[in-house]
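Only one structure is covered here, and it is reproduced in the block below.
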Amino acid sequence: MASTDTTPVMDKRPSTGTDSADVGAGLDALESVTAQHSSFGEVFRQKALPPLLGVLLVLAVWQGAYSLHVTTAYKLPSPADVWSAAGDLWSAGTLFSIIWTSVWRGLSGFLIAVLIGTPIGLVVSRVKPVRAALGPVLSGLQSLPSVAWVPAAVIWLGINDQMMYAVILLGAVPSIANGLVAGIDQVPPLFLRAGRTIGATGLSGARHILLPAALPGYLAGLKQGWAFSWRSLMAAELVASSPDLGLGLGRYLENQREFSDMAGVLLGIILILFVGIAIELLVFTPIERRVLRNRGLLAAVR
């Protein structure tokens, strides 16, 4: 008797690859995030308003301490007095000159430190005898206060721009090298084996495998290197004085201290802080966000 079973028979035909293509398309669709443009009000509320409120809070506390006479006006001038000091520099046409003198030295010294610290970090991270010999030295130099180098640099080089750059390099190079070493230490060994398999060894491997894989740690070292560059420069400008050096932020700060002008002292501190924050926001933050986004570690910016 013929069977009346109507159970569907599974298709035994070999896959043609269409299913895998569909799966790949689905994964691509899941990974792709449609960037939605936020309104100006939303961007302002999420990104600009919190730091603005923080600044207003600091100013309110400052003004309150001044109004309540917590201390004498000689020691704590009002925000209006500091603003007036900034207006005096603006009227004299020296405000941007003072800022640019320090910013140029800091950035150029930092770039030189990157050119020196990067190959040092590569060698220390990949050559064991060099790491055993120089690793502790780099860590010790990184913890050494930058101002400690100023007297030695003055004796070695005199009071000039070369002394300034020497202090910057001695402060920044160890941080950059150590940051790269830390980044390379976190590179999975599989990446290095894959690089050797395709012939990426030596300088080629460092360029195409090590540095890209270690980029997050290296970027952290660069940020720290910039912080050390800026701090080293301010220490050198505070201590060293010469007409040939021009007037930078550190020298302006020390001049106002010598004149017992507390409003000028606070203005110098605020300008130094402003430059540090501006470099962080305009240079390092966009680079860091792009690196993290390319590695899938940061959601698309809305």
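Values in this text are rule-based calculations from the coordinates and carry no lab data. Remember, it's a predicted structure, so these values are computed and weren't measured experimentally. When we count neighbours, we look across all protein chains shown, and the Cβ atoms used for this are built from the backbone with ideal geometry, even at glycine.
A few remarks follow.
- Spin-label pair residue 244/residue 108, simplified geometry with 7 Å Cα→Cβ offset, distance in nm: 1.5
- Most tightly packed first, judged by the mean number of other beta-carbon atoms within 10 Å of their residues, the peptides 137-149, 227-239, 59-71 read 227-239, 137-149, 59-71.
- Charge dipole (segment 83-294, unit charges on Cβ, about Cα centre) - positive-most of 89, 182, 163: 182
- Under the criterion of Cα pairs below 8 Å and six or more residues apart, the relative contact order for segment 83-294 equals 27 percent.
- Highest mean packing first, where packing is the average number of other Cβ atoms within 10 Å per residue, the peptides 174-180, 81-87 line up as 174-180, 81-87.
- Euclidean distance between Cα centres, segment 77-119 to segment 120-141, Å: 34
- In terms of its Cα atoms, segment 94-145 spans 51, 22, 8 Å along the principal axes, sorted from long to short.
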